[in-house]
Structures are given as structure tokens and as C-alpha cells.
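Data first, discussion second: the structure below is written as C-alpha cells.
The values are calculated or read from the model by the stated rules, or taken from the named source; none is laboratory data. The shown structure was predicted, so the numbers you read here are calculated from the model rather than taken from an experiment. Here the Cβ positions follow ideal geometry from the backbone for every residue, glycine too, while neighbour counts run over all protein chains shown.
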Amino acid sequence: MVSTSCYIVFVIATSLYRVWVSSRIPGVEKQKGHIRVPWTYRALFAGYSLVVVASVVEYFLLRAPRPDSLHWEVTSLGLIIYFFGIIAREWPLRVLDKLWSHQVEIREEHRLIMEGPYRYLRHPNYLCLLAEVIGFPLVSNSYLACMLAIVLYVPLLLLRIRYEEEALIEKFGDAYREYRQEVPALFPVPGRTAARLKERRLIEKNASKDEPEAGA
């Protein structure tokens, strides 16, 4: 009974948090940009909501009647993963500031961000979303809902990343291609950072200065 009461509080609190985040506009007044594939935001929102509902239904059908079937080590892991997602997500949102958007949106003043978490990952915000959508069903040991997240939400997110990178390549060209080649998308890799890309560009720039001019 105690575990069920705690779970209900957890579901209500996290649902209110998601509503707040979905309506949140960080930073200063934003200039509207060109929005592509707006259906991807609606699809991701629907997929996230479906995983949450499936997790709750599975818990009350399979776990609540049998409290002994709830594995607390899995619940603890789920809480760690979920709260990592919502806490760590603040970092990319603050770095992006007025460039942040729910949509695949490119603005006139858009610049290529390679600071903060974007020094290590091209899409840190999406890594945090993955942590949320995987961690939430683990809290209630809702393994079917967790599989639903992997089968439904993850492919949608990867498709969203593909569309977003196409828009960024169109905006920044070779600069983004080089960034994409150097910096991983969702999971950090030792030695592959935007700092190394900047160092290589600096070396190339200095080398070009040192080259003798033709006919000299």
C-alpha cells in the first residue's frame, strides 16, 4: 500500500513537470524561425504519453496486486535514470537559451553551438529524453512499457534526429558535417569532442598562414 501511494505521488508530480516543460520557453523573447516536420514533436509527445500510460496501467494490473513482485533494485535504477534525465536536461536548455525549441526550427540568427554539453554530444537533450522515457517504466517495474519505449519512442527520436541534422547541414554546411564527424550524437566517446575539432581547425589555419605564397 505504501509503495502504491508513493507511486501515485510520483506519477502526479512527474506529469505536472512534463506539462510545465512542454509549455516552457527559456531565455529571452524568441524570434520565430522556419519549422520543419512539425509532426515529429506531436509524435514524440504522443509516444512519451503512451509509455507513461502503459507504465501506470501495467503497474496497477500486474504489480500493485502482488507487492512482492516489485523489485526495489529495478525501481532504484529507474529513479536514478529518470532523475538524471530531468536534471541533466537543464544544461542543454540553458546553453541553447533562445535557440531552444520543441520543433525542428532554424532561425535567421542561428549559430552552431559547440559549448557546454554540445562539446561532448550533438544531441544531449535527446539523451535526457531517452533517460526519462526508459527510466519511468523501470520505476514501476513495467517491463512491457519499457519495451514499448524501445520499440516505439526510440525509432521516433532517431527519425527526429535525422530531420534535425538535415536542417543543420543545410544551414551550416561543411561546418556541421565536420562537427558531426567529430562529436558523437547521443553517447559520449572518450577523445571525441568539439574541443578537438577546434584544435584541428586552429592547426589547419596556422598551417595555411605558414605556407609560402605562390611565386614567392
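Scan the range 35-51 residue by residue and report those that are buried (at least 18 other Cβ atoms within 10 Å of the Cβ), within 15 Å of residue 14 (Cβ to Cβ) and either modelled with pLDDT under 95 or in contact with a Lys or Arg (Cβ under 8 Å, 6 or more places away or on another chain) (or both). Steps first, answer last, please.
Here is the first cut: in the range 35-51, the residues buried (at least 18 other Cβ atoms within 10 Å of the Cβ) are 40, 44, 47-48, 51.
Checking the rest, the ones that are also within 15 Å of residue 14 (Cβ to Cβ) come to 48, 51.
Passing the criteria: only 48.
Residue under question is residue 179, and the condition is that it be of a type in the set (Phe, Trp, Tyr) and either under 14 Å from the mean Cα position of the chain (by Cα) or farther than 30 Å from residue 53 by Cβ (or both); does it hold?
Yes.
For residue 130, which of the numbered conditions (1) under 30 Å from residue 67 (Cα atoms); (2) surrounded by fewer than 19 Cβ atoms within 10 Å (Cβ to Cβ) fails to hold?
Here residue 130 clears every test but (2).
So which helices (runs of 4 or more DSSP H) are wholly in the range 1-102 and hold at least 2 residues that are more than 20 Å from the chain's Cα centre (by Cα)?
Helices (runs of 4 or more DSSP H) meeting the threshold: 2-22, 39-58, 72-88.
Cβ-Cβ distance below 7 Å, separation of 6 or more or different chains: which pairs start in the range 93-120 with a residue that is crowded, with 17+ Cβ neighbours inside 10 Å and end on one that is acidic (Asp, Glu)?
These pairs meet every condition: 95/115; 104/164.
For residue 61, work out the one condition from (1) out of contact with any helix residue (DSSP H, G or I) (no Cβ under 9 Å at 6 or more places or on another chain); (2) surrounded by 17 or more Cβ atoms within 10 Å (Cβ to Cβ) it doesn't fulfil.
The single condition residue 61 does not satisfy is (2).
Only one residue in 151, 139, 189 is within 30 Å of residue 54 (Cα to Cα), surrounded by fewer than 15 Cβ atoms within 10 Å (Cβ to Cβ) and of a type outside the set (Asp, Glu). Which one?
151
Within the range 119-136, count every residue that is assigned to a helix (DSSP H, G or I) and under 18 Å from residue 101 (Cα atoms).
Residues in the range 119-136 being assigned to a helix (DSSP H, G or I) and under 18 Å from residue 101 (Cα atoms): 7 in total.
Is it the case that the range 75-91 has a residue that's buried (at least 16 other Cβ atoms within 10 Å of the Cβ), touching a residue at least 60 places away in the same chain (Cβ under 8 Å) and of a type in the set (Gly, Ala, Ser)?
Looking for residues that are buried (at least 16 other Cβ atoms within 10 Å of the Cβ), touching a residue at least 60 places away in the same chain (Cβ under 8 Å) and of a type in the set (Gly, Ala, Ser), one finds at least one in the range 75-91, hence yes.
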